[in-house]
Amino acid sequence: MSSVKQEKLHILFHLNSIGGAVESEKLHEWNEAVDSFFFSLQIHLTSGGVHPLPCALKNSKSTSLETINESNSCKLEENVVQILNEVLAKAISTSQVGTGGADSSDVRQQYLSNVICALRNVYRLLSLLHDSNAPTQIAEKLKTLDIFSFLTHIVAENSALAVNASMALFQGMRNDPVTMNMFIDELKGIPLLAEAFVTSGCVALQVSLVKHFHQLLGYTISRRMLMIFGDLNDALSGALANDSTDFVRALVATMAWAVRSEPRFPGNDNDHRADLVEEVLQLLLAIQPMYTGRYAAQVKSSTSQEDKKETMTQLGIILCDILHIPNADSRAYRCKLAVVMLLMDMPNEYSQYLWVNKGVGQLVSILSLQLSEIVIEKRKNSSIGALPILVVLNKLTQANPAIKKFVEDEVFPQVENPSDSSTKIKMNMKPIDAPWGSLRWKLIELMTSNDSNLKRCASELLWTICGSSDRFVKRTGYGNAVHMLGIKGLVQLPKGV
């Protein structure tokens, strides 16, 4: 597929002439077409493409929906909404379609599975539509209390349809505060999701539920976020009947199981444990300020400080375990990058812990790989992945002398004697020893990057491990060092530089 902009998906959402019901097989094909579209869109965007125009459902000449195509006049097809609404209403009120119990036929269960997937896909397509009336129409017809209650019930009972129902709920609440408030306040959905999380043996469902927790909490600290976090603590303690087990401890325990269970992490292509670990790490990054950070005192929690300290110790152990996983599998490496993100806001005690458990060497290895993407492979947007590891290593080297010495030896293993200060600053315009491809060469290359954040972070790390301006200039070259020397007030830079 050359471009998502040229993509036309043929939709096989045909109406059955008998009773206006939707054929399950055709509905399944429609869901696959929509999934294929979003997969292509993801590849397009991750490869640096521009987001295409929104996609809309259009009528064909027949009675079926035929295409998803680019359009500015985005109208969500009315009969799709009506069909799904009617089918779900029957499932909720008359139980004509089973939810996964022993008395429901495989055919009926598959039918409902296809309907729930279609509901999720309509929510997903809605996010691409520009028609200002579409959200109101959908909220009225497909985001009702009955439908959300029905989906939540399926998730809570851990039926075979739970994963699809959870994904539909997630998409239904996405970027919709009204629907989210309905789920929290009217449905009392948080305890139900918490119980499903601790009782489910399905990793795919746990991945979806962690995404729910992250979405419910949001990404900006607020009074609402603090309240929801407190509710999650209570819900997890209640689900496990253990006052000492809070939300974070449950997440850490889940992550430890995922990494240490057999088969060896991350498993085969059908194994979702790496997805679970990555989602948990991203969620922990969001909630850290409310657990041990500046907002912890404002959160309702029965967890003692001793229990929190124990949880953070267990978290440190599992983070080191993840850092020692080989980089061969890209899923494992994504988890390691998520660990780096979490370490940006780590407690000071973690520096010694990482040093004792040989985690620093793994971080240096990640640094080298991330810098190679920028200065050798020259990948687009690669600087986003390099900034966190630069920040983390600089923080560690400032906090721990042993780590500083180790990182210095890794970056400058064969430089001239740093104590030799006979070389004048202006005589040393280039680095003394920085062979192409070495870690020090990669860092020095970034000192003149057009990306100001990347340039500053790389220079700060080199400044920290060099320890003095003389060493800094000799090892990096005056031409590369002059900007940082100006920032430190050692040379006068022209105005505006």
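The values are calculated or read from the model by the stated rules, or taken from the named source; none is laboratory data. The structure displayed is predicted, hence computed values, not measured ones. All Cβ positions, even for glycine, are placed from backbone atoms using ideal geometry, and neighbour counts span all protein chains on display.
What pairs can you find where one residue is in the range 153-168 and under 19 Å from Asn31 (Cβ atoms), the other is among the β-branched types (Val, Ile, Thr) and surrounded by fewer than 19 Cβ atoms within 10 Å (Cβ to Cβ), and their Cβ atoms are less than 7 Å apart, with a gap of 6+ or different chains?
Close Cβ pairs (under 7 Å, with a partner that is among the β-branched types (Val, Ile, Thr) and surrounded by fewer than 19 Cβ atoms within 10 Å (Cβ to Cβ)) do not exist here.
Checking Asp409 against (1) part of a helix (DSSP H, G or I); (2) crowded, with 16+ Cβ neighbours inside 10 Å: exactly one of these is not met. Which one?
If we test Asp409 against (1) part of a helix (DSSP H, G or I); (2) crowded, with 16+ Cβ neighbours inside 10 Å, just (2) comes out false.
Could you look through the range 158-179, keep only residues that are assigned to a helix (DSSP H, G or I) and in contact with a Gly (Cβ under 9 Å, 6 or more places away or on another chain), and pick out the one that is modelled with the lowest pLDDT? Outline the logic, then answer.
Taking the range 158-179 first, the residues assigned to a helix (DSSP H, G or I) are 162-173, 177-179.
Applying the additional criterion that residues be in contact with a Gly (Cβ under 9 Å, 6 or more places away or on another chain) yields 162, 169, 179.
Details: Ala162: 93, Leu169: 94, Thr179: 88.
Among those that are assigned to a helix (DSSP H, G or I) and in contact with a Gly (Cβ under 9 Å, 6 or more places away or on another chain), it is Thr179.
Considering only the range 254-268, I want to know if a residue exists there that is under 21 Å from the mean Cα position of the chain (by Cα) and closer than 22 Å to Ser301 by Cα.
Yes: the range 254-268 contains one or more residues that are under 21 Å from the mean Cα position of the chain (by Cα) and closer than 22 Å to Ser301 by Cα.
Just to verify a result, which residue in the range 383-406, among those that are in contact with a Leu (Cβ under 9 Å, 6 or more places away or on another chain) and small (Gly, Ala, Ser), is surrounded by the most Cβ atoms within 10 Å (Cβ to Cβ)?
The qualifying residue surrounded by the most Cβ atoms within 10 Å (Cβ to Cβ) is Ala386.
Looking at (1) surrounded by fewer than 18 Cβ atoms within 10 Å (Cβ to Cβ); (2) basic (Lys, Arg); (3) modelled with pLDDT of 90 or more, find the lone condition where Lys442 falls short.
For Lys442, the exception is condition (1).
Just to confirm my filter: which helices (runs of 4 or more DSSP H) fall fully inside the range 86-157 and include at least 2 residues that are under 30 Å from the mean Cα position of the chain (by Cα), at pLDDT 80 or above and farther than 28 Å from Gln42 by Cβ?
Counting at least 2 such residues, we get 145-156.
Just a yes or no: is a residue in the range 317-326 touching a Leu at 6+ places or on another chain (Cβ under 7 Å) and in a loop (DSSP other than H, G, I, E, B)?
No; the residues of the range 317-326 include none that is touching a Leu at 6+ places or on another chain (Cβ under 7 Å) and in a loop (DSSP other than H, G, I, E, B).
Just to be sure, is Thr476 at pLDDT 90 or above and crowded, with 16+ Cβ neighbours inside 10 Å?
yes
Just one of (1) over 16 Å from Met227 (Cβ atoms); (2) surrounded by 13 or more Cβ atoms within 10 Å (Cβ to Cβ) trips up Tyr295, so point out which.
The failed condition is (1).
Please tell me if Leu323 is at pLDDT 95 or above and surrounded by 17 or more Cβ atoms within 10 Å (Cβ to Cβ).
Judged against the criteria, Leu323 is a match.
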